[in-house]
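Single-structure report; data block below.
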Amino acid sequence: MTLDTQKNKKIREEIKGLLSGLQSAEDTDPYYMDADLKELRNKVMYVHLRIEASLEIIIGDLLLEPFAKYKVKNEDKQLFRFYLRNTIEAMDYVKKLNVLLEAGRLQKSTTNKFHKVNYLRIRFSHPLAYHGELQKYRNSEEYLKALKILIEALGELNRIFAVKRAVLRLIEEHENQ
């Protein structure tokens with residue numbers, strides 16, 4: 001074993017020890033959580049965070065829309081978005097969905113998908129309070145249903161941003177003519 005390999009092995013061992021220290025009692029107690037539930041929890045948290053960050057972008061775009069008719073520099077728009085950030089981030093997830101639904105930026109079917117992800121996120125964020133409900137995801141069929149909820153929501157989010165990118169390209173092409 002070379003010195004470099006020995007050093008890397010020590011580093012990996014230290015990382016492993018530190019990672020185990022980042023677990024709560026619910027993470028290490030098989031009564032609450034097993035490897036499959038942890039994996040599902042990680043996916044739920046990732047998709048929820050991705051959706052919430054995207055909702056904040058869409059709300060920022062909505063608030064910047066009145067400036068579209070003026071020749072406002074992109075840097076100024078970004079600065080305005082930065083100042084709005086605290087206000088937007090202070091809104092909870094459900095409020096963000098409701099604002100965008102009422103503004104016509106999201107369809108009811110989309111918000112329903114995003115609400116289902118929030119439902120899962122709440123359960124996995126509070127394993128003591130929702131222990132009984134979380135146990136159903138040890139069943140393969142329920143686990144599969146949860147994964148499908150995440151896939152549908154993320155697919156919807158990707159669709160929204162694909163449309164946004166296409167519209168921005170059309171605007172750019174039109175402005176360059």
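Working carefully through the options 177, 135, find the one that is part of a loop (DSSP other than H, G, I, E, B), polar (S, T, N, Q) and either at negative phi or in contact with a helix residue (DSSP H, G or I) (Cβ under 7 Å, 6 or more places away or on another chain) (or both).
177
Do we have residue 95 as of a type outside the set (Phe, Trp, Tyr), closer than 29 Å to residue 39 by Cα and out of contact with any strand residue (DSSP E or B) (no Cβ under 8 Å at 6 or more places or on another chain) here?
Yes.
Modelled with pLDDT of 95 or more, surrounded by 13 or more Cβ atoms within 10 Å (Cβ to Cβ), in contact with a helix residue (DSSP H, G or I) (Cβ under 9 Å, 6 or more places away or on another chain) and within 13 Å of residue 58 (Cα to Cα): is that true of residue 98 in this structure?
Criteria met by residue 98.
Can residue 146 be described as touching a Phe, Trp or Tyr at 6+ places or on another chain (Cβ under 7 Å) and part of a helix (DSSP H, G or I)?
Taking the combined requirement at face value, the residue satisfies it.
In the set 37, 79, 62, 100, which member is part of a helix (DSSP H, G or I) and free of Cβ contacts under 8 Å to residues at least 40 places away in the same chain?
Every option except 79 fails the conditions.
Suppose we filter 36, 4 for residues that are at negative phi and at pLDDT below 90; which single one remains?
Only one candidate qualifies: 4.
The values are calculated or read from the model by the stated rules, or taken from the named source; none is laboratory data. The shown structure was predicted, so the numbers you read here are calculated from the model rather than taken from an experiment. Methodologically, a virtual Cβ is constructed for each residue, glycine included, from the backbone with ideal geometry; neighbour enumeration extends over all protein chains shown.
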